[in-house]
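What follows is a structure written as structure tokens; I'll ask about it next.
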Amino acid sequence: EAIKDFIQAKHSHEIIFTKGTTDSINLVANGLRSILKKGDEIIISELEHHSNIVPWQLCCEYSGATLKVLPVTDSGDLDLSEFDKLLTKHTRLVAVSHVSNSLGTINPIEKIIRKSHEAGAKVLIDGAQAASHISINVQKLNVDYYCFSGHKLYGPTGVGVLYGKEKALNELPVYQGGGEMIKDVSFKKTTYACL
């Protein structure tokens, strides 16, 4: 409930605790790698931390999707004219940072989210550098996934958050089995609990 209020999410079940930002990104990437196929595309940017590069490289290797990289201008900003060229009807996900960990660039994520959605793509925002400095309203942003780490907010290490819009989370396949995610289990078939 505290995290829901902090990022202004609609439901507390849209908040998933993870081991950190990297774990959150990997959770989504692992789900998408069994959904994506050859011909699908993922866009990341040159400003990304390796935690928002490597999971998408692995996802593309596994699924056959293509990874595209949005360049950065000489002033350290994302080249949005190139973004318009990279974004196609085959783009399934755009994964960019809210704030660059190396340059401190605050990316125009509202515009990126809007354009991505217009093209039919989902968006993951790496908010690791932003969560302690910028007020986050995931409903207003209309972002599909937003992730950050506890230690960047003066919390403990080894704790992170993955926000996922309810619809986006429900489209991902099961990540881990067992425990309270089960509605009914038998040796022939298992059904999963709903959000």
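Assign one of three labels to the stretch 1-88, namely rounded, prolate or oblate, based on the Cα gyration tensor with a ≥ b ≥ c the square roots of its eigenvalues; rounded applies when a/c is under 1.5, prolate when it is not and a/b is larger than b/c, and oblate otherwise.
oblate
Tell me, what is the percent relative contact order of the stretch 42-195, built from C-alpha pairs under 8 Å that lie six or more residues apart?
It comes to 15 percent, rounded to a whole number.
For the chain, find the longest principal axis of its Cα atoms and tell me its angle to the long axis of helix 109-118, 0 to 90°, nearest 10.
Taking Cα atoms only, the helix is inclined about 70 degrees.
Ranking request for peptides 19-26, 60-67, 93-100, 166-173: highest mean number of other beta-carbon atoms within 10 Å first, then the rest in descending order.
Going from most to least packed, we get 93-100, 19-26, 60-67, 166-173.
Please report the carbon-and-sulfur percent of the accessible area for the stretch 65-145; probe 1.4 Å, protein heavy atoms only, DNA, RNA and ligands left out.
Using a 1.4 Å probe with all protein chains present, the stretch 65-145 comes out at 47 percent carbon and sulfur.
Given the options ASN142, GLY178, GLY120, identify the residue whose Cα lies farthest towards the positive end of the charge dipole of the chain (+1 on Cβ of Lys, Arg; -1 on Cβ of Asp, Glu).
In the chain, that residue is GLY178.
Filter the chymotrypsin sites (Phe, Trp or Tyr not before Pro) in the stretch 146-182 to those in DSSP coil with at most 10 other Cβ atoms within 10 Å of their Cβ, and list the result.
TYR154
While we're looking at this one, here's another question. Which of ILE113, ILE182, ILE53 moves most in a GNM of the chain, Cα contacts under 10 Å?
ILE182
When the accessible area of the stretch 7-63 is computed with all protein chains present and a 1.4 Å probe, what percentage of it is carbon and sulfur?
Answer for the stretch 7-63 is 52 percent, counting heavy atoms of protein chains only.
In addition: Determine the per residue accessible area of the chain with all protein chains present and a 1.4 angstrom probe, expressed in square angstrom.
Accessible area per residue, the chain: 53 Å².
Given labels modelled 7 Å from the Cα in the Cβ direction, how far is it in nm from LYS37 to ASP77?
Placing both labels 7 Å along Cα→Cβ, they lie 3.9 nm apart.
Could you tell me how many degrees, from 0 to 90 and to the nearest 10, lie between the Cα long axis of helix 21-32 and the main elongation axis, the longest principal axis, of the Cα atoms of the chain?
Helix 21-32 and the main axis of the chain meet at about 70 degrees.
Ok, one more. For the stretch 83-122, what does the alpha-carbon gyration tensor say about shape, rounded, prolate or oblate, given a ≥ b ≥ c as the root eigenvalues, a/c under 1.5 as rounded, and a/b over b/c as prolate?
Prolate.
Working from Cα positions, state the angle (0 to 90°, nearest 10) between the long axis of helix 54-63 and the longest principal axis of the chain.
70 degrees
I would also like to ask the following. With an 8 Å cut-off on Cα pairs and a minimum separation of 6 or more residues, tell me the relative contact order of the stretch 130-170 in percent.
35 percent
Rounded, prolate or oblate for the stretch 77-195? Axes are the square roots of the Cα gyration tensor eigenvalues, ordered a ≥ b ≥ c, and the cut-off for rounded is a/c under 1.5.
Oblate shape, in that a/c is at least 1.5 and b/c is the bigger or equal ratio.
If you count, for each residue, the other Cβ atoms within 10 Å and average over each peptide, how do 3-9, 29-35 line up from highest to lowest?
Packing order, densest peptide first, comes out as 29-35, 3-9.
Any idea what the dipole of the chain comes to, in debye rounded to 20, about its Cα centre with Lys/Arg Cβ at +1 and Asp/Glu Cβ at -1?
In total the dipole reaches around 640 debye.
Mean residue ellipticity at 222 nm from the helices of the chain, using -39,500 (n - 2.57) per DSSP H segment of n ≥ 4 over the full residue count, to the nearest 500 deg cm²/dmol?
-7500 deg cm²/dmol
Can you tell me the relative contact order of the stretch 1-98? Whole percent, Cα pairs under 8 Å, sequence separation 6 or more.
Relative contact order here is 29 percent.
The values are calculated or read from the model by the stated rules, or taken from the named source; none is laboratory data. All figures in this text were calculated on a predicted structure; none of them were measured in a lab. Neighbour counts are summed over all protein chains in view; Cβ atoms, including those assigned to glycine, are modelled from backbone coordinates with ideal geometry. Note: areas computed on protein heavy atoms with side chains; ligands, DNA, RNA excluded. Shrake-Rupley method; radii C 1.70, N 1.55, O 1.52, S 1.80 Å.
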